[in-house]
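Engineer: I'd like to ask some things about the structure below.
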Amino acid sequence: MIVTIDGPAGSGKGKIAKYISNKWGFKHLDSGILYRNLAYKILKSQIDIKSTTEIKEIMKEQKNISFRNYKRLRSEKVSKIASIIATHKFVRDHINKFQRNFVNFNKKNSHFVIDGRDIGSVVFRNAELKLYIDVSEQNRAKRRYKQLIDSGEKSIYRQILKDIKLRDKKDKNRSVSPLVIPSGAIIINNNGNFLRTANQINKLIRNI
Ligand code: DC
């Protein structure tokens, strides 16, 4: 069984996916980490982000994509590069293949919860349950601001809101796999209390 979770930056997809993984024992795959990993490698190697040839070189050198969630992958710099490279079809194809292989390899003894931007719409279109997480821009910016401050990064709320709007624009308007509400997805309003969101999702999973 696959549960997909899509939604914009800062909507709480990761928290919801972790919750489902713990509560139901599903394997969690955070697809954003895969983009962030590659973005981090690009940042470190100081290549020209506009050069697709150089990005392809880095991808070739990257033997295994890791999905360990290191703190350094969550910085704003990495976020920006991740959203830029995610516009390339060759990058998306590479990362989608990795995700499908991961599921195929583990499917005999696992269920999965996978979060991202195109999971229910492109990568796992036949998933048993598709969720789309909806939260206002302002609430997302507030949560992201708190996250950054708590992790010790300097941060300005107005700048975070601006970045969130920009990232949404990029994610929703790119020509390859834009962020959309997947067909058949259930929209989860995650503006309020997490417990309410969790209860709603648990009911959906119970009824699959
Ligand atoms: O969910 P996140 O913030 O960790 O994602 C980082 C970036 O990767 C984000 O700008 C969009 C991109 N991404 C994507 O395009 N498709 C996915 N399935 C997951 C992430």
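Engineer: Before rounding to the nearest 500, sum -39500 (n - 2.57) across all DSSP H runs of length at least 4 in the chain and divide by the residue total; then give [θ] at 222 nm in deg cm²/dmol.
Structural biologist: So the calculated ellipticity at 222 nm is -17000 deg cm²/dmol.
Engineer: Could you sort 74-84, 146-156, 195-205 so that the peptide with the highest average Cβ count within 10 Å comes first and the rest follow in order?
Structural biologist: Put in order of decreasing packing, that is 74-84, 195-205, 146-156.
Engineer: Scanning the chain for helices, which whole DSSP H stretches are 15 Å or more long along the axis (Cα) and average -1.0 or more by Kyte-Doolittle?
Structural biologist: Membrane-span-like by this criterion, though nothing is claimed about a membrane: 13-24, 31-45, 89-106, 194-206.
Engineer: Rounded to the nearest whole Å², what accessible area per residue is found for the chain with the 1.4 Å probe?
Structural biologist: 55 Å²
Engineer: State, as an integer percentage, the relative contact order of the stretch 50-208 based on alpha-carbon contacts under 8 Å between residues 6 or more apart.
Structural biologist: 27 percent
Engineer: Now, a different point. Starting from the residue with the highest accessible area, list 103, 180 in decreasing order, probe 1.4 Å.
Structural biologist: Ranked list, largest accessible area first: 180, 103.
Engineer: Positive end of the dipole of the chain, charges at C-beta (+1 Lys, Arg; -1 Asp, Glu), about the Cα centre: which of 149, 127, 90 has its Cα farthest in that direction?
Structural biologist: 149
Engineer: Here's a follow-up. With every protein chain present, what accessible area does residue 71 have (1.4 Å probe, heavy atoms only), rounded to the nearest 10 Å²?
Structural biologist: About 150 Å², ignoring ligands and nucleic acids.
Engineer: If you rank 73, 166 by how much accessible surface each has, with a 1.4 Å probe, what is the order from largest down?
Structural biologist: 166, 73
Engineer: I've got another one for you. Tally up the carbon and sulfur contribution to the accessible surface of the stretch 1-113 as a whole percent, 1.4 Å probe, everything protein left in place.
Structural biologist: On the stretch 1-113, the fraction of accessible area on carbon and sulfur atoms equals 52 percent.
Engineer: Solvent-accessible area of residue 61, probe 1.4 Å, all protein chains present, reported in Å² to the nearest ten, please.
Structural biologist: 120 Å²
Engineer: List residues of the stretch 165-208, by number, whose backbone nitrogen lies under 13 Å from a label position 7 Å along Cα→C-beta of residue 1.
Structural biologist: 201-208
Engineer: By how many nm would the segment from residue 87 to residue 62 lengthen if fully extended, with 0.36 nm per residue of separation less the alpha-carbon distance?
Structural biologist: Length difference between fully extended and current span is 7.1 nm.
Engineer: Quick one: check the C-alpha center-to-center distance for the stretch 59-74 versus the stretch 188-208, whole angstrom.
Structural biologist: Going from one Cα centre to the other spans 31 Å.
Engineer: Starting from the Cα gyration tensor of the stretch 7-88, multiply each eigenvalue by 5, take the square root, and state the resulting semi-axes largest first in whole Å.
Structural biologist: Values for the stretch 7-88, descending: 26, 14, 10 Å.
Engineer: Take every Cα-Cα pair in the chain and report what % of them are more than 25 Å apart.
Structural biologist: So the portion of pairs separated by more than 25 Å is 36 percent.
Engineer: Measuring from label point to label point, each 7 Å out along Cα→Cβ, what is the residue 156 to residue 189 span in nm?
Structural biologist: Taking the two extended label points, one gets 3.4 nm.
Engineer: Further question: Relative contact order for the stretch 10-84 using alpha-carbon pairs under 8 Å, separation at least 6, rounded to a whole percent?
Structural biologist: 38 percent
Engineer: What is the Cα radius of gyration of the stretch 101-166 over 2.2 N^0.38 Å, N being its residue count?
Structural biologist: So the Cα radius of gyration is 1.54 times the expected 2.2 N^0.38 Å.
The values are calculated or read from the model by the stated rules, or taken from the named source; none is laboratory data. Here the structure is a predicted model, which means the values were calculated and not measured. No Cβ is skipped: glycine too gets one built from the backbone with ideal geometry, and neighbour counts run over all protein chains shown. With ligands, DNA and RNA removed, areas are computed over all heavy atoms of the protein, side chains included. Shrake-Rupley method; radii C 1.70, N 1.55, O 1.52, S 1.80 Å.
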